[in-house]
Every structure is written in C-alpha cells, then in structure tokens.
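Quick notes on the structure that follows.
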Amino acid sequence: MNVLITGASAGFGEALARRLVAKGHKVIGAARRLEKLETIANELGELFLPVKMDVSDTASLPQIIADLPTEFSQIDVLVNNAGLALGTEPAYKADLNDWMQMADTNIKGLIALTHAVLPAMVERNSGYIINVGSIAGSWPYYGGNVYGATKAFVKQFSLNLRADLLGTQVRVTNLEPGAVAGTEFSNVRYHGDDSKADKVYEGFKNMTGDDVGDILLWLIETPAHINVNRLEVMPVAQTYNGLTIAKD
Ligand code: NDP
Ligand code: 8X3
C-alpha cells in the first residue's frame, strides 16, 4: 500500500509513518522541514520517501504529486494531517497573521491536496482519505476561535466528500483527537514557548502521538467495505464541560 502523509516530520504523521513502514507499506512523508524527513528516511529506509511540501503553497501541489517516482505514484491512502494551531488569545487580541496561516494550512492546504489526489482514486474506484480534524471542530473553547473553525471546516468537508463519493469505493474519515501530549503541537501554538506548552499536559494521563499513530493505523486497516465517518477520541481525563457563565 502507498500512503501519503502530510506533516510526517513530527507528531502523529511521524508515528503513523513508522508503523506503516514496519508493516512493509510505502510512505510518502511530506512536510516543510526536509532535513527532519531525511533523518527519518535514513532510519526507515527506502520504504519512506521524504518529500518537501508546504501545503499552504497550494499552486505547487499538483506538480509535486505529478513528480512522484513511479513506485510511489499511486496514492492508496492520503492522510491530511499537516496542520497547526497558533495562539490561544481571544479573538479580539489574536494576531491576524496567525489566523491566516491556520486557514491557509488547515483549510486551503488540505482541500488543494485533496483536489490533486482524489480524481485518481475515483478513477481506480479505490482509495482512502483520512483528514485529521480535532475535537476543537465540534466543541468551542476560550481561545479556540479560528483553529476550531478550521477544524469544523475539515469535519464538514469530510462529510461532504462522503456525499460526493456515493457509488464509489473511495472512503473518507475525519479523525477528531482531543489533547495529545508529546508532539510539537503546543510548542508551535505557543510560538516556541516550551514551558507554556508543557503546562497544557501537566497533571493528567495524556494521550500520546503514538496512541494516535495506532488509531490511524487501525483506520487504514479497517476492511474496505467499512467507512468510519467520524472518530472522536480523548484522554479519559478530558471531557465536556458545558456552557460557561460570567458571574457578576
Ligand atoms: P505537530 O506540530 O507535532 O506536527 C504537525 C506536522 O504538520 C509537522 O510535521 C509539520 O511539519 C507539519 N506542517 C505544519 N504546517 C505545514 C505546512 N504548511 N505544510 C506541510 N506540513 C506542515 O502536531 P501534531 O502531530 O500534534 O498534529 C498533527 C495534526 O493533528 C494537526 O492537524 C493538528 O491540528 C491535529 N491535532 C493535534 C492534536 C494535539 O493535541 N496534538 C489534537 C487534535 C488534532 P513541518 O513543520 O516540517 O512542515
Ligand atoms: C488539538 C486539541 O483541544 O487543543 O486540536 O484543541 S485542542
């Protein structure tokens, strides 16, 4: 199987790549930091193809796909995992550049790559797109503003893809994780302030990137006649807290 994973240089994407290669699958590992991908490739060997890709540079994506070497050119599974949150300020204090980068990456990058890859899947009448959404796409929280909204987009786009793929064997899943420690997610969100990032995960039993790698692998290994439409997963310690009231 050939699996294209965006955001394979860290976190969930790297965890999934390691699992797939261990099972003998071919992985196209895409991200902006080619040097990180090359370090992973040195370890994993020729089943892992490092590909420099900035999904927010949407015009570049069709050519990158067209230029894949023949043995990697058929994409059986696309894992749209590249994404980021920037900032936890309330909307009225947020940095507009952060908002734009989240929209360009989490929304425009994801749809442009899907647009580049999906037609060949439909033509072969086979394929699987896994979009990495978030609980933030369903559950609003303070400071989640544009990040949560991008993930709500990803959720609805995933469901609408399912509708469009009626009558084909192409599958689509929106994976919606909650808090996951040990990836670069919060380090990026806090613009490199690692002590703030670490605090997010203090004092409870976290999920890890490896847990999410296991879940992604499980999804990929589900039988071809089953479609998991949405999958929301959280650490047991995290749960719903209802609406908030500002008391006088
Ligand atoms: P990491 O920050 O560890 O990994 C993010 C990956 O995305 C990196 O490999 C990064 O690589 C890549 N990336 C970021 N921007 C781009 C871009 N423009 N083009 C290509 N690649 C890009 O985060 P996680 O593994 O934790 O997160 C992965 C996904 O899961 C994200 O979509 C995130 O929103 C989502 N998520 C994370 C949760 C968490 O708590 N950790 C929970 C729920 C969802 P590079 O910098 O080299 O480009
Ligand atoms: C990441 C999970 O809860 O930090 O998408 O938004 S959360």
Answer with yes or no whether Ile130 is β-branched (Val, Ile, Thr) and within 15 Å of ligand 1 (Cβ to nearest atom).
yes
When the range 163-194 is checked residue by residue, the ones that are under 15 Å from Thr88 (Cα atoms) and more than 13 Å from ligand 1 (Cβ to nearest atom) are Asp193
Any residue at all in the range 60-80 that is in contact (Cβ under 8 Å) with a residue 12 or more places away in the chain, within 10 Å of ligand 1 (Cβ to nearest atom), surrounded by 14 or more Cβ atoms within 10 Å (Cβ to Cβ) and of a type in the set (D, E, K, R)?
no
Unmet criterion (only one of (1) within 14 Å of ligand 1 (Cβ to nearest atom); (2) aromatic (Phe, Trp, Tyr); (3) exposed (fewer than 13 other Cβ atoms within 10 Å of the Cβ)) for Phe153:
(3)
Going by the conditions given, is Ile135 within 16 Å of ligand 2 (Cβ to nearest atom), in contact (Cβ under 8 Å) with a residue 60 or more places away in the chain and not charged (D, E, K, R)?
yes
Does Asn80 fit the bill of being of a type outside the set (A, V, I, L, M, F, W, C), under 28 Å from Gly167 (Cβ atoms) and out of contact with any Phe, Trp or Tyr (no Cβ under 7 Å at 6 or more places or on another chain)?
yes
The range 197-228: number of residues that are in a helix (DSSP H, G or I) and either surrounded by 13 or more Cβ atoms within 10 Å (Cβ to Cβ) or not aromatic (Phe, Trp, Tyr) (or both):
15
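Taking the criterion of being within 16 Å of ligand 2 (Cβ to nearest atom), touching a residue at least 12 places away in the same chain (Cβ under 8 Å) and on the phi < 0 side of the Ramachandran plot, would at least one residue in the range 15-24 satisfy it?
Yes, the conditions are met somewhere in the range 15-24.
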Test: residue in the range 156-164 that is within 13 Å of ligand 2 (Cβ to nearest atom) and closer than 17 Å to Ala82 by Cα
no
Output for Cβ contacts, cut-off 9 Å, separation at least six or different chains, first residue among the hydroxyl-bearing types (Ser, Thr, Tyr) in the range 181-198, second assigned to a loop (DSSP other than H, G, I, E, B) and more than 12 Å from ligand 1 (Cβ to nearest atom), reads Tyr190/Gly87; Tyr190/Thr88
Subset of the range 109-150, residues closer than 18 Å to Val200 by Cβ and open to solvent by 50 Å² or more (accessible area, probe 1.4 Å), comes to Trp139, Pro140, Tyr141, Tyr142, Asn145
Touching a helix residue (DSSP H, G or I) at 6+ places or on another chain (Cβ under 6 Å), within 13 Å of ligand 2 (Cβ to nearest atom), part of a loop (DSSP other than H, G, I, E, B) and open to solvent by 10 Å² or more (accessible area, probe 1.4 Å), is that true of Thr183?
yes
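The values are calculated or read from the model by the stated rules, or taken from the named source; none is laboratory data. Since the model is a prediction, treat every value here as computed from it, not as a measurement. For neighbour counting, all protein chains shown are included, and Cβ atoms are generated from backbone atoms with ideal geometry for every residue, glycine included. Only protein heavy atoms, including side chains, enter the accessible area calculation; ligands, DNA and RNA are left aside. Shrake-Rupley method; radii C 1.70, N 1.55, O 1.52, S 1.80 Å.
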